[in-house]
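Down below is the structure, laid out as structure tokens.
What follows draws every value from the coordinates through simple rules; no lab data is involved. Remember, it's a predicted structure, so these values are computed and weren't measured experimentally. Heads up, the Cβs are rebuilt from the backbone with ideal geometry, glycines too, and the neighbour counts pull from every protein chain shown.
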Amino acid sequence: MRPMVLNLDYAEELSKKLDEYDDLKDKVYDLSRKIIKNSKLCIYAIRRKEYDKAKSYLDDIEKMRAEIYDLIKDNLKLASVNIVSTADQEYVEALALYYFVTKGEIPRAEEIGVSVQEYVAGVMDSAGEMLRLATDYLIEGKIEEAEKIRDAIEKIYVFMLHVNPRDYELRRKIDYVSNVLNKLQEFIFYKKVLGPVKRITGTEE
């Protein structure tokens, strides 16, 4: 009969492996949280037209993503940690907005190095930030700039209709982009037809 393997030596071996996994997982979580934070700071810098600062945040994110994927290459279970997916999605959102503002385009998923799911979700999320940029332009009276953003959001919407994801959350995001597009079109209409944009307080810009 084969001897029982559940002995103290084997227990210590498994305990050590679990500790190593948990240590790696903690590092992945920490890096992912930093990526999410830097992505939001990048978007904030873009809205303030601080493009050099935004690029610096993106450069830092790319280094942290490289660290994460170096950690998980030998332990694929870490790749399934949800926060890694969230971090990639936030990164795509920030990068898409940066490329749109500085180059008038959005890079492909293969160029960014993310999965299709995170790419599609992140690009659609960027529509919300585009709406904020367009609103800023409308407040400044720059209707043509807002219309360019509206056209870009419309392209994202039509593109995603053709992508036609089956995933429920991604389909919900398509509806979100549609709502963003309609809202911006309404803002532009009021600005062009009714004049100054009125805030909730009733004061005019």
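Points to keep in mind about this one:
- Shape of the range 25-84 from the C-alpha gyration tensor: prolate (a/c of 1.5 or more and a/b above b/c, with a ≥ b ≥ c the square roots of its eigenvalues).
- Estimated vicinal HN-Hα couplings, Hz - the range 34-49 in sequence order (Karplus 6.51, -1.76, 1.60; Gly, Pro = x): 5, 5, 4, 4, 5, 5, 5, 5, 4, 4, 5, 5, 4, 4, 8, 6
- The C-alpha atoms of the chain define a longest principal axis, and helix 116-139 lies at about 30 degrees to it.
- The chain: most fluctuating residue of Leu58, Leu76, Leu31 per GNM, C-alpha cutoff 10 Å: Leu76
- Intensity falloff of the range 9-114 expressed as log10 I(q)/I(0), Debye formula with alpha-carbon point scatterers, at q = 0.18 Å⁻¹: -0.83
- Tail weight of P(r) past 22 Å, computed on alpha-carbon pairs of the chain, percent: 58 percent
- Largest mean-square fluctuation among Ala66, Ala54, Ala134, in a Gaussian network model of the chain whose springs join Cα atoms under 10 Å apart, belongs to Ala66.
- Among Lys37, Lys25, a tally of other beta-carbon atoms within 10 Å of each Cβ gives an order, fewest to most, of Lys37, Lys25.
- Loop GluC sites (Glu not before Pro), the range 60-139 (other Cβ atoms within 10 Å of the site Cβ: 12 or fewer; DSSP): Glu105
- Listed by chain and number, the lysines whose C-alpha is less than 24 Å from the C-alpha of Lys155, apart from same-chain residues fewer than 8 away, are Lys40, Lys49, Lys103, Lys142, Lys173, Lys183, Lys191, Lys192.
- Formal net charge of residues neighbouring Glu111 (Cβ-Cβ distance under 13 Å; K, R +1; D, E -1): -1
- Rounded to the nearest whole Hz, the Karplus-based 3J(HN,Hα) values (6.51 cos²θ - 1.76 cosθ + 1.60, θ = phi - 60°) of the range 68-79 follow the sequence 4, 6, 6, 6, 8, 5, 9, 8, 5, 4, 5, 5, with x at glycine and proline.
- Each residue of the range 150-165 was assigned a 3J(HN,Hα) from its phi angle through the Karplus expression (A = 6.51, B = -1.76, C = 1.60, θ = phi - 60°), giving 4, 5, 5, 5, 5, 5, 4, 4, 5, 4, 5, 4, 6, 4, 6, x Hz with x at Gly and Pro.
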